[in-house]
Amino acid sequence: MAQSRKHDHEDDQTKTHGQEAGKPSALRGSPAFRGIPSGTGLGKYRILERIGTTFNAIIYKARDGMLDRSVTIKQMDPRLVDDPIACGEFKREAQLLARIPKDVPGLVHIHELIEAEEGLFIVQEYVDGDRLETLISKRQADATDAVRLLQTACRGLEALHSRRIVHRDICPENLLVTRDGMVRITNLACAAHEGDSTPPPAITPKYAAPEIQAAGEHDARADIYGLGFLIYELSVGRVVFRAHFADPMSELPHDDDFWRQWHCDLAAALPDATTLNPTVPPALSSILRKMTAKDLDHRLSSGREVLEMLSTQFSMVNKTDAPPALSAAAPTRVLEIRSQLRNPTPALPSSLGARGTTLLPDGLTWLVRHDQSTSRHVVRTFRDPDALLPLEQPPTKTAPMEPSLRAQPGRRIRRPSRRTLPPAPPRPVVPRNVPPLGKVEEPLRRRRRRLALPIALSAIILSALSLSVPYLWNHVNDNPQKRAIRQIIDDGIASYERGDYPAAFKQFEKATGLCAGKAGLGAEASESDLMLLLVEAQLALAKDDFDNAKQLLERAEVRGANPALLSALRTKYWNKKDVYRLAEDVNKDIEQHLFSSAKLKLGDYEEKARAAGLDPSSTKDKLELTRIDVKYRKALELAREKLSKKEFEGAGIACSDAEAIKITSATRQLRKQILDAQRREDWIIRGQRALADADFAAAEKAFTSANEIEPSIEIEQKVRTARAARLIDEARQAIKTGDLLLAERNLKRSRWELEGSPWKLPNPEAARMLERMRTAFEAARLAENADRAAADGDYEKAIHLYEKSLPKLPPPADNIVRAKLDKARRATTQPQK
């Protein structure tokens with residue numbers, strides 16, 4: 001992995017991905033580790049079985065006897081126990097896991113870290129499920145599971161990224177899928193704090209982001225890239241995915257080399273997922289394209305953004321509360337698209353198949369599931385084209401009953417009888433007296449009453465004409481084009497009220513274009529122009545372009561826009577501007593490290609930001625991260641200050657405080673400096689004690705060890721002083737044994753150690769001994785010449801030199817020379833053979 005990765009086999013044989021040079025040195029050439037046998041006890045835990053391996057650990061399923069629960073135990077490879085870097089990385093993984101609360105979903109949580117004779121062990125919760133790699137290889141996970149897996153995996157990533165932790169090794173092996181179909185992220189062996197540029201100990205080249213492949217700076221977007229690449233492969237299918245890359249991969253000896261080159265090639269890009277697999281929704285394909293963008297500026301920056309896009313395009317629908325499990329059978333889940341299709345297929349009679357079946361447009365048949373249908377129509381799904389499943393239809397609405405006819409509990413409804421009644425008897429006719437005809441004067445009141453009726457009828461007719469003429473005029477001038485424009489404007493208003501301003505802009509712009517230069521459409525053109533100004537102001541406000549938004553609002557007010565919409569938009573404008581002013585004040589306090597003041601302002605900022613529809617979490621996170629960073633830097637400065645004063649205990653505590661916040665290369669280096677300085681000081685103290693005890697050899701060794709840790713002029717001088725004293729001491733011992741020439745050499749070396757050093761240190765004791773013993777050393781050289789003459793058989797010369805040197809030699813050297821003289825004399829008196 002940056003490096004290599006080991007995958008588990010039942011015979012413990014491994015295959016590696018990546019460069020072999022990236023492996024930890026302790027693993028090269030070492031035999032495979034068989035692991036702990038089943039049934040072995042580890043404290044209160046009992047090993048049940050071995051379930052996997054990673055590049056630096058062996059994973060077991062175990063049983064907690066005290067709490068009666070299953071756990072997962074991760075043992076660091078015993079071959080790495082003596083590697084301090086590997087041990088530090090293993091402990092760092094446990095520390096990162098311990099900082100994540102156990103109620104956070106989407107992650108595998110830690111119980112404890114154990115340090116035993118067998119090495120280091122991380123005890124984690126046991127997840128009942130399978131690795132995503134296993135499900136993919138068994139073809140139990142495909143495009144129908146892509147959105148659910150992406151959604152639940154992003155929740156786990158968001159839990160890590162919100163705590164500034166980057167996983168750096170998102171791959172199918174590190175994603176566990178539970179029985180209810182949820183993803184749990186595991187194996188933080190390669191994780192690090194965001195901002196830590198230290199390369200990960202191992203990566204999976206097939207899924208690693210380009211910035212990690214190139215060993216550059218990276219952040220949370222590297223995990224988004226790996227997850228997007230993984231879901232892309234799952235969506236299009238591994239067989240199709242391999243077939244797409246078959247030609248270039250056949251020319252390379254190793255897959256990992258190809259993926260490193262492909263990921264680092266910024267010109268190479270994944271094809272549209274819908275192109276390779278038509279059943280992949282275009283919305284999901286668009287999200288994956290943004291997740292796998294190689295340009296960091298175009299890539300989605302966090303799991304929260306991915307979740308927001310998923311919630312905009314999809315929603316998970318299930319018949320029961322529990323999500324379905326992933327299995328070899330077709331999963332009982334369906335994704336409901338909230339957004340409408342851009343080009344919906346019209347419902348034509350030809351869309352009905354045989355036996356009343358309804359054929360959905362291409363790419364949408366996967367939306368229907370038979371266990372959620374209530375209609376009598378059926379559709380064909382992409383899993384089984386021949387299977388017919390019922391299509392869901394909304395129930396028809398019935399008009400409410402009249403109150404008098406509604407059924408009431410305990411009361412019967414009386415219905416009118418159909419029996420016919422007998423005819424009523426005829427009325428009797430009463431005769432009336434009719435006066436004779438003649439000229440009679442009509443009363444005034446009756447004349448007025450007679451004239452009022454025609455006047456009322458005329459008024460009614462005129463009123464009806466005044467109401468019907470505009471209707472008739474509109475009816476005469478009405479046309480399909482005007483109705484279509486009116487419909488576009490109404491759709492634009494609906495999009496505006498939903499907050500979908502890009503769609504509203506397109507609709508009002510289209511309506512304005514259709515109204516241009518056409519008579520009889522003045523009202524529609526004016527309304528469309530005014531709404532277009534409001535939409536443009538909304539879009540400018542969304543981009544924080546306050547100057548442009550203000551100008552658009554003024555133009556809309558002058559031209560007579562809707563006062564209610566205009567007032568609401570002005571309120572939104574001022575609220576958002578006030579929010580940005582507050583955010584600027586909070587950020588200024590954060591930059592000046594005025595955290596108390598920033599915290600007081602943050603409450604008001606959060607309230608107004610939510611009211612303006614903004615997310616205040618970034619400013620809140622900045623405050624928290626800056627406070628943590630300042631605390632981290634202060635701890636480092638305190639540790640360095642204590643170290644300069646040789647207060648090693650205080651320096652170690654301060655360094656531990658910094659490591660509790662985050663472990664970086666700076667904390668590792670500082671920890672090493674503290675340990676080295678403490679060891680160096682211990683060697684110096686040992687050397688000084690040895691000097692006081694006149695143990696010059698031990699003092700020289702101690703000062704030399706201290707100087708090897710960190711060289712300095714002061715310690716180098718102590719080393720030379722101890723060595724000179726040791727040589728003088730050895731010279732005295734040589735004089736006592738009669739080896740005057742060895743004593744002379746040691747005295748000269750002792751004198752040179754100090755006087756010949758770059759600092760020209762004096763060595764008076766060696767100089768005095770050389771001067772006092774000069775005659776004896778000259779006599780010793782005469783005796784040495786006599787030894788050579790005796791060895792050559794010139795006994796007369798040897799006797800002469802022995803006799804000449806003997807008076808000047810101190811004991812016991814004179815006794816040694818006297819014995820040699822007697823031997824030479826005896827040799828002269830013996831006859832020659």
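Residue count for region 565-589 under the criterion of being more than 29 Å from Glu554 (Cβ to Cβ) and over 27 Å from the mean Cα position of the chain (by Cα): the result is 2. Would you confirm, using the coordinates I've provided, whether Arg168 is among the charged types (D, E, K, R), in contact with a strand residue (DSSP E or B) (Cβ under 8 Å, 6 or more places away or on another chain), at pLDDT 90 or above and in a loop (DSSP other than H, G, I, E, B)? Yes; evaluated as a whole, the condition is true for this residue. Tallying residues that are in a helix (DSSP H, G or I), under 24 Å from Ala549 (Cβ atoms) and in contact with a helix residue (DSSP H, G or I) (Cβ under 7 Å, 6 or more places away or on another chain) within region 607-628 yields 4.
Inspect region 629-645 for any residue being in a helix (DSSP H, G or I), out of contact with any Pro (no Cβ under 7 Å at 6 or more places or on another chain), farther than 23 Å from Gly195 by Cα and of a type in the set (Ser, Thr, Tyr) and give the result as yes or no. Within region 629-645 (the criterion being in a helix (DSSP H, G or I), out of contact with any Pro (no Cβ under 7 Å at 6 or more places or on another chain), farther than 23 Å from Gly195 by Cα and of a type in the set (Ser, Thr, Tyr)), the answer is yes, since at least one residue qualifies.
What residue, among those in region 63-113 that are among the small types (Gly, Ala, Ser) and in a loop (DSSP other than H, G, I, E, B), is farthest from Ala192 (Cα to Cα)? Break it down stepwise before answering.
From region 63-113, those among the small types (Gly, Ala, Ser) are 65, 70, 86, 88, 94, 98, 106; that's our starting set.
With in a loop (DSSP other than H, G, I, E, B) added as a condition, the list becomes 65, 106.
Working: Gly65: 33, Gly106: 18 Å.
Selected residue: Gly65.
Restricting Ala725, Ala789, Ala783 to residues that are in the same structural domain as Arg825 (by TED's automatic domain parsing), assigned to a helix (DSSP H, G or I) and crowded, with 21+ Cβ neighbours inside 10 Å narrows the list to Ala783.
Of the residues in region 169-177, not one is in contact with a His (Cβ under 9 Å, 6 or more places away or on another chain), under 26 Å from Asp629 (Cα atoms), surrounded by 24 or more Cβ atoms within 10 Å (Cβ to Cβ) and not assigned by TED's automatic domain parsing to the domain that holds Glu89.
Residues that are hydrophobic (A, V, I, L, M, F, W, C) and at pLDDT 85 or above within region 584-641 comprise Val586, Ile590, Leu594, Ala598, Leu623, Leu625, Ile628, Val630, Ala635, Leu636, Leu638, Ala639, listed in sequence order. Residues in region 590-618 that are over 28 Å from the mean Cα position of the chain (by Cα) and buried (at least 16 other Cβ atoms within 10 Å of the Cβ): Lys601, Lys608, Ala612. Within region 218-242, the residues that satisfy the criterion of being more than 20 Å from the chain's Cα centre (by Cα) and farther than 15 Å from Leu284 by Cβ are Arg238, Val239, Val240, Phe241, Arg242. None of Leu532, Leu602 is on the phi < 0 side of the Ramachandran plot and touching a Lys or Arg at 6+ places or on another chain (Cβ under 8 Å) except Leu602. All of (1) in a helix (DSSP H, G or I); (2) in contact (Cβ under 8 Å) with a residue 12 or more places away in the chain; (3) aromatic (Phe, Trp, Tyr); (4) closer than 30 Å to Gly687 by Cβ hold for Trp752 with one exception: (2).
The values are calculated or read from the model by the stated rules, or taken from the named source; none is laboratory data. None of the values given here were measured: they were computed from a predicted structure. All Cβ positions, even for glycine, are placed from backbone atoms using ideal geometry, and neighbour counts span all protein chains on display.
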